[in-house]
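Undergrad: Got a structure for you, written out below as structure tokens; questions coming shortly.
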Amino acid sequence: MAVVGVFDSGSGGLSVLREIRKTLPDERYIYFADNAFCPYGEKAPSFIVERGKAITDLLLSKGAQAIVVACNTATAAAIAELRASYSIPFVGMEPAVKPAALGTRSGVVGVLATAGTLKGSKYLKTRGLYEDEVRIAERVGKGFVELVESLDLDSPHAREVVSASLQPLLDEGADTIVLGCTHYPFLLPLMKRIAPEGIRFIDPAPAVARRLADVLRMEGVPTGEFPGGSVELLSSGSFEVLNKLYLSI
Ligand code: DGL
């Protein structure tokens, strides 16, 4: 049985845990939500590195053999430093620009992410590989994390907040939208109601789950020996939304 740590600034990473558990159902998961410091989106990279190390130390003390950074912002800010500082493997979020660029029919890809992710070198490098072939339009999902962390997934207010960032991408001709923040999949039902039929939304979480399975195999960590697996939820702040969203995945 593998012991896998998963962390995010808050509850958003549960959208990644959901996909991981489909691929690797029989493992022990420890999920840490850094709710006391959420959101990460506009925080300094050095602060996110500091939080990443504190969370990693905690997950290691609980026996984690691999850690999934289930947060695009923390991946952008901290994963290189975490990999350099610890010997266990870290799996991060990949901006799903490649499948979006390969799949778009309109030639315009929309990316929704936090300000930190859109400024990160990994995202900028990935975008650079495709921007000659397709147009890449970006928007910060302003207020999206706050909607998810207050479980406001469907109100008229939520619709207004989500439309304000999504509609400009649709107006620019995007037919494929990359969900570049792990909180955003919880707003997907609302996004699908706002967008016209035929718009594709791409969540990188299934690819991250496959990557974790590969990494565990390469590291020789045995998997699949704990039928049904288990999940332990930890938080630096409130558990209220975390527990409720967990029940929904
Ligand atoms: N869920 C995170 C991400 O993927 C963090 C969002 C935030 O805390 O601003 O970027």
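Undergrad: Please check which bits of segment 179-205 a label hung off Thr23 would reach, taking the label as a point 7 Å along Cα-to-C-beta and the cut-off as backbone N under 14 Å.
TA: So the set is 203-205.
Undergrad: Need the list of aspartates and glutamates near Lys142 for cross-linking: C-alpha distance under 19 angstrom, and skip anything on the same chain fewer than eight residues off.
TA: Reachable aspartates and glutamates: Asp8, Glu42, Asp152, Asp154, Glu160, Asp171, Glu172, Asp203.
Undergrad: If you build the Cα gyration tensor of the chain and take the root of 5 times each eigenvalue, what three semi-axes come out, in whole angstrom, biggest first?
TA: Three semi-axes, in Å: 28, 20, 17.
Undergrad: Next question. Report the extension gain between Asp171 and Leu151 in nm, rounded to one decimal, defined as 0.36 nm multiplied by the number of residues separating them, less their alpha carbon distance.
TA: My answer for the length gained is 4.4 nm.
Undergrad: Oh, and also: Find how many whole Å separate the alpha carbon centroid of segment 175-221 from the alpha carbon centroid of segment 31-103.
TA: 16
Undergrad: Run the helix sum for the chain: -39,500 (n - 2.57) per DSSP H stretch of 4+ residues, divided by residue count, reported at 222 nm to the nearest 500 deg cm²/dmol.
TA: -14000 deg cm²/dmol
Undergrad: With equal scatterers on the alpha carbons only and no solvent term, can you work out the Debye log10 of I(q)/I(0) for segment 145-249 at 0.20 1/Å?
TA: -1.11
Undergrad: I'd like the orientation of helix 14-23 relative to the chain: the angle between its Cα long axis and the longest Cα principal axis, in ° from 0 to 90, rounded to 10.
TA: That helix lies at roughly 70 degrees to the long axis.
Undergrad: Next up: Report the FRET efficiency, 1/(1 + (r/R0)^6), for Tyr86 and Val231, where r is their Cβ-Cβ distance and R0 is 30 Å, rounded to 0.05.
TA: 0.85
Undergrad: Helix 156-171: angle to the longest alpha-carbon principal axis of the chain, degrees 0 to 90, nearest 10?
TA: In the chain, helix 156-171 runs at an angle near 70 degrees to the longest axis.
Undergrad: What whole-number volume per residue, in cubic angstrom, does the convex hull of the C-alpha atoms of segment 27-78 give?
TA: Dividing the Cα hull volume of segment 27-78 by its residue count gives 76 Å³.
Undergrad: Same structure, new question: Angle between the Cα long axis of helix 121-130 and the longest principal axis of the chain, 0 to 90 degrees, nearest 10?
TA: Around 50 degrees separate the two axes.
Undergrad: Okay, next question. Pairs Lys62/Lys98; Lys62/Lys125; Lys22/Lys122; Lys53/Lys192: which are spaced more than 32 Å apart, C-alpha to C-alpha?
TA: Lys62/Lys98; Lys62/Lys125; Lys53/Lys192
Undergrad: Compute the Cα gyration tensor for segment 71-189, then decide on rounded, prolate or oblate, letting a ≥ b ≥ c be the square roots of its eigenvalues: rounded whenever a/c is under 1.5, prolate when a/b is larger than b/c in the other cases, and oblate in all that remain.
TA: Judged from the Cα gyration tensor, segment 71-189 comes out oblate (a/c at least 1.5, b/c at or above a/b).
Every number in this text was worked out from the coordinates using simple rules, so none of it is lab data. Computed from a predicted model, the values in this text were never measured in an experiment. All Cβ positions, even for glycine, are placed from backbone atoms using ideal geometry, and neighbour counts span all protein chains on display.
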